[in-house]
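A quick write-up on the structure given underneath.
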Amino acid sequence: MGLKSLIIGTTSLSAAILLATAPAAWAETSFAFGTLSADTQDHVTVFMDADGALSGAADEVNDKTEGRLEQAIEDAGFKGKFGKSIQLYGMAPFTSVTVIGTGDEDLSVRQLRDLGGHVAGASDNDASLSVMIDDLNTDVEVAAAQIAMGYKLGSYSFTKYKTDHKDVDRTVAFHSDDTDEAKSLFDSDLGHVAKGVYFARDMGTEPGKSMYPEKFAQDVRALFRGVANVRVDVLDLDDMERRNMGALIGVGQGSVHDPRLVVVSYTGAARTDAPIALVGKGITFDTGGISLKPNTGQWLMKSDLSGAAAVAGAVYSVAKRGADVNVVGVMAMAENMPASDAIRPGDVLETMSGKTIEVMSTDAEGRLILSDAVTYVQEEYDPRLLIDIATLTGSAARALGDDYGAVVTRDWELSQHMMHIGKAAGEDVWPLPLNDNHYSAIKSDIADIKSTAGSPGASIGGAVIGTFIDEDRPWVHLDIAGVDWLDKGIPTTPKGHAGWGVRFLDAVVRDLEAEE
Ligand code: BES
Ligand code: ZN
Ligand code: ZN
């Protein structure tokens, strides 16, 4: 089969994963998986390791350029260092040839995805692109699918509000000698994870004006429309009042937009199997409330729903690949506004659990909404593991920067396990402590607990949430205030909203699936 027919054949098939609700940027590039052949006149990308040898298809590309490719690589002093690239023109019959270095190590899944990100970064203006994947220095099976996923993650853009943006219609063809496996792994699995990340990034980038609790709920409904074994329930203010969710109601009460609790449950195993619960903070804009935030950087608080966005994206990827596991995602959505009817510092809120919280700062709102969300999910679903994820504290961001999400648990082994999972998945976490002293620090003079107690902020935030988690329940708190937004891009994440957590949470679910 010639390359052309392969592309046409597979493009329509991969369109099957591009549902009507696909995020805007998703549809601009269609992927094809083709056999190893340099039978193209487009832009071509080849890989070169640190030994400098061009092999297989890259060699064929070189032959077609009558050796000019190899000569140009030598002239440029290109050494094949991991992630380095050169784009070479004058390489007829190809429009251009980009060479990407693969270094001298055995490439992991994470590095293959990074390579895919480098392919995207080195070729952003190309109309159509053929990527030749063979003889890579890796033992990972079906490397082409991992590279394709990295490409997808690295080529995200948010163009909705750019009036001069023209939709491009481009095809990226990944050529390997395991075409069928690559296509199948991407279409049935990795592509869904990438789409979950796109969804999360879209949610975190959308301005607060147009992203409020009910809008988020609508977008989640649209994302899951037609996805098998998924049920979406949205609790409104009346439902919350019936359940005495005084904390979630309290945080949302200064906004014209009522809060919502969005619940997505996926049943991939027996109904009686306890689910994994993922609970996300979804503040659609955090002004700080009456404890108003300072002006600088306030615009970024449109992304204070990152935890909820990651939960939606992760449940989507789990459900679409049809994992043999039950997962429930709970997204606590509210807008934190100052208003005459907003909660005040010093107010006492009654939570769904019956426990009371003295609000020390209305800017520490994430732990309040999560206290009701984790109570709800424990009462309704009795999960085997509960992970909450939140842009909770500037303190976590200051401690760990852009590189690591903070992981807070009551169990050191669980923390270490999370570190391993994150490392392999490409989203790292690092532990911060949670001890009796942090629980002592949040004793209140007039209520059961108070919401803040000075530093260390991330641990105190964890202690507040921990107060609402049953003692023997496996629980992980992720504070992602540092990692959810990047000022400078990395291979698989362009600058801006990272969609952090979709891959991590998806990897945790895979890990538990593998255990069974
Ligand atoms: N949403 C913020 C945390 C945040 C800060 C996220 C920077 C992303 C970047 C959170 O609601 C907040 O304001 N936390 C306070 C807590 C304090 C009042 C105890 C903080 O970290 O300053
Ligand atoms: Zn916040
Ligand atoms: Zn806040």
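Selection of segment 435-459 for residues being surrounded by 14 or more Cβ atoms within 10 Å (Cβ to Cβ) and touching a residue at least 40 places away in the same chain (Cβ under 8 Å) yields Ser444, Ala447, Asp448, Ile449, Lys450, Ser451, Thr452, Ala453, Pro456, Gly457, Ala458, Ser459.
The condition (being farther than 27 Å from Lys495 by Cα, of a type in the set (A, V, I, L, M) and touching a residue at least 40 places away in the same chain (Cβ under 8 Å)) is satisfied by just one residue among Val230, Val220: Val230. Taken over segment 498-507, the criterion of being more than 13 Å from Val407 (Cα to Cα) and either of a type in the set (A, V, I, L, M) or open to solvent by 10 Å² or more (accessible area, probe 1.4 Å) (or both) is satisfied by Ala498, Trp500, Val502, Arg503, Ala507. Regarding Ala481, is this residue small (Gly, Ala, Ser) and outside any loop (DSSP other than H, G, I, E, B)? Taking the combined requirement at face value, the residue does not satisfy it. Taking each residue of segment 47-74 that is in the same structural domain as Ala143 (by TED's automatic domain parsing) and of a type in the set (Asp, Glu) and looking for partners that are at pLDDT below 90 and open to solvent by less than 40 Å² (accessible area, probe 1.4 Å) with beta-carbon atoms closer than 8 Å, six or more apart or interchain, yields Glu60/Ser37; Glu60/Ala38; Glu70/Leu54. Among the candidates Thr267, Thr272, Thr284, the residue that is touching a residue at least 12 places away in the same chain (Cβ under 8 Å) and more than 25 Å from His477 (Cβ to Cβ) is uniquely Thr267.
Being out of contact with any helix residue (DSSP H, G or I) (no Cβ under 8 Å at 6 or more places or on another chain), in the same structural domain as Gly282 (by TED's automatic domain parsing) and closer than 25 Å to Asn244 by Cα holds for only one residue in Asp403, Asp388, Asp445, Asp411, and it is Asp445. Restricted to segment 278-302, and to residues there that are within 12 Å of ligand 3 (Cβ to nearest atom) and outside any loop (DSSP other than H, G, I, E, B), the residue that is nearest to Gly501 (Cα to Cα) is Lys281. Examine segment 307-314 for a residue that is within 18 Å of Pro259 (Cβ to Cβ), open to solvent by 10 Å² or more (accessible area, probe 1.4 Å) and either basic (Lys, Arg) or near ligand 2 (Cβ under 10 Å from one of its atoms) (or both), and state whether such a residue exists. The answer is no; no qualifying residue exists. Scoring Gly83 on the criteria (1) farther than 18 Å from Ser155 by Cβ; (2) open to solvent by less than 50 Å² (accessible area, probe 1.4 Å); (3) at pLDDT 95 or above leaves a single failure, condition (1).
Conditions tested, residue by residue: (1) surrounded by fewer than 24 Cβ atoms within 10 Å (Cβ to Cβ); (2) in contact with an Asp or Glu (Cβ under 7 Å, 6 or more places away or on another chain); (3) without any contact (Cβ under 8 Å) to a residue 24 or more places away in the chain; (4) of a type in the set (Val, Ile, Thr).
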| position | (1), (2), (3), (4) |
| --- | --- |
| Ala76 | yes, no, yes, no |
| Gln87 | yes, no, no, no |
| Ala92 | yes, no, no, no |
| Gly101 | yes, no, no, no |
| Val109 | yes, no, no, yes |
| Gln146 | no, no, no, no |
| Lys152 | no, no, no, no |
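Does at least one position in segment 179-200 carry a residue that is part of a loop (DSSP other than H, G, I, E, B) and open to solvent by 20 Å² or more (accessible area, probe 1.4 Å)? So far as segment 179-200 goes, no, none of its residues is part of a loop (DSSP other than H, G, I, E, B) and open to solvent by 20 Å² or more (accessible area, probe 1.4 Å). Filtering Thr356, Thr351 for residues that are over 23 Å from Val234 (Cα atoms), of a type in the set (Ser, Thr, Tyr) and more than 12 Å from ligand 2 (Cβ to nearest atom) leaves a single hit, Thr356. Between Gly354, Gly346, the distinction of being surrounded by fewer than 23 Cβ atoms within 10 Å (Cβ to Cβ), within 16 Å of ligand 1 (Cβ to nearest atom) and assigned to a loop (DSSP other than H, G, I, E, B) belongs to Gly346 only. Of the candidates Asn229, Asn295, the single residue that is within 30 Å of Leu512 (Cβ to Cβ) and surrounded by fewer than 22 Cβ atoms within 10 Å (Cβ to Cβ) is Asn229. Scanning segment 93-131 for residues that are assigned to a helix (DSSP H, G or I), among the charged types (D, E, K, R) and more than 17 Å from Asp49 (Cβ to Cβ) returns Arg110, Arg113.
Applying the condition of being of a type outside the set (S, T, N, Q) and buried (at least 24 other Cβ atoms within 10 Å of the Cβ) to segment 387-396 and asking which residue is nearest to ligand 3 (Cβ to nearest atom) yields Leu392. So, of the residues in segment 270-292 that are of a type outside the set (Gly, Ala, Ser) and within 10 Å of ligand 2 (Cβ to nearest atom), which turns out to be most open to solvent (accessible area, probe 1.4 Å)? The residue in question is Phe285. The residues in segment 335-372 that are in contact (Cβ under 8 Å) with a residue 60 or more places away in the chain and within 16 Å of ligand 3 (Cβ to nearest atom) can be counted, and the count is 23.
The values are calculated or read from the model by the stated rules, or taken from the named source; none is laboratory data. This one's a predicted model, so the numbers in the text were calculated from it and none came from an experiment. Quick reminder, even Gly has a Cβ in these numbers, built from the backbone with ideal geometry, and neighbours come from all protein chains shown. Just the protein is used for accessible areas: all its heavy atoms, side chains included, with ligands, DNA and RNA removed. Shrake-Rupley method; radii C 1.70, N 1.55, O 1.52, S 1.80 Å.
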